């Protein structure tokens, strides 16, 4: 009997020791960290790149980005001799997305600017300005080039002066394009259309790109009458956008796009858009615009910037902007010319192909096109021999008659 009791006691002690070890490991695993998981040299020792405060904004040969607040976050980028430097070795061994990580770093929302364009919004002959801002990644050079040479050309369009900017952050997978720093430096010198911030360019950091762009607008481009913001895989008919803006007052609210109502948070952790209930409890998102492309007045952009400082960051940028719209009590305006889910063949014309330029000539934005398709569609639309009447369509089969002015919505609760 004594031996049995002694054996039970030993087993109990061993089990308690094992439990303590497991608890210690679990506590170690939730230690705050931000950034990338890396291998240190040949030894394979793991280490982490942590957020470090900086006192000044990193600058390049492009126009100065100005001074940053003392609490500016940083993810290991530096500058020496006028060139972008990577403070840690690039790696492809990235940890998967962790909502625990997001909770630790979600309050870090001020990152330094590496490349700036201070003079981008300088007025030309006092003409109204339409700023075309395009979300892109360092490795998507071909998409930027086709946009520059087709729909995003800078110049005068029907009385509006069009300027172009690409919005980028540092690559999460820097080994995919080892020369990304030199590429962006050269693009900035040649085209003067690159904005680059010092946070990782990932899907869940698109909200950071949103708030940093709104801040840039407020500081460096307060005179822009209108702003278009979209992805780099869209085709945009700038002429139609300018026609729509004729007579619009930039001092009033305007927010137009493909507006999404009654969207539900996705609770499946297998989805790219997974949002756990602990992060967002309500069963319906506020009304928001599809991120493929939307149009707003400069007045509305400034109001959204103010709201972005008051709304908690959310990992889906489209929904975050909808939260900001709700914050300022502005009801966005939906428009059939914004096709963020592509084009569906109309039942009245089943014989026509959806890539036919006669479809595109009356649209504003079409999302998810490949680089050759963007170039081809722009070329077809600007072909002097294009004649849609031969295909049974009038030259202008219909006109958009949507109201230009956005109407205020309830300030306290979304109307779904």
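The values are calculated or read from the model by the stated rules, or taken from the named source; none is laboratory data. This is a predicted model, so every value here is computed, not measured. Because the Cβ atoms are built from the backbone with ideal geometry, glycine has one as well, and the counts that use them run over all protein chains shown.
Points to keep in mind about this one:
- Which numbered condition residue 229 fails, given (1) over 27 Å from residue 354 (Cα atoms); (2) crowded, with 22+ Cβ neighbours inside 10 Å: (1)
- Test result for residue 213, modelled with pLDDT of 95 or more, over 17 Å from the mean Cα position of the chain (by Cα), within 25 Å of residue 145 (Cα to Cα) and surrounded by 20 or more Cβ atoms within 10 Å (Cβ to Cβ): no
- Subset of the range 182-199 [out of contact with any helix residue (DSSP H, G or I) (no Cβ under 7 Å at 6 or more places or on another chain) and either crowded, with 22+ Cβ neighbours inside 10 Å or in a loop (DSSP other than H, G, I, E, B) (or both)]: 184, 187, 188, 192, 193, 198
- Residues in the range 276-292 that are at pLDDT 90 or above and part of a loop (DSSP other than H, G, I, E, B): 280, 281, 282, 283, 284, 285, 286, 287.
- Residues being touching a helix residue (DSSP H, G or I) at 6+ places or on another chain (Cβ under 6 Å) and either more than 16 Å from residue 290 (Cα to Cα) or not in a loop (DSSP other than H, G, I, E, B) (or both) - total across the range 227-251: 4
- Taken over the range 340-370, the criterion of being surrounded by fewer than 16 Cβ atoms within 10 Å (Cβ to Cβ) and at pLDDT 85 or above is satisfied by 368, 370.
- Among the residues of the range 294-306, those identified as buried (at least 20 other Cβ atoms within 10 Å of the Cβ) and either over 14 Å from the mean Cα position of the chain (by Cα) or modelled with pLDDT under 95 (or both) are 295, 296, 297, 298, 300, 301, 303, 304.
- Condition met for residue 322 (modelled with pLDDT under 95, under 18 Å from the mean Cα position of the chain (by Cα) and either crowded, with 19+ Cβ neighbours inside 10 Å or assigned to a helix (DSSP H, G or I) (or both)): no
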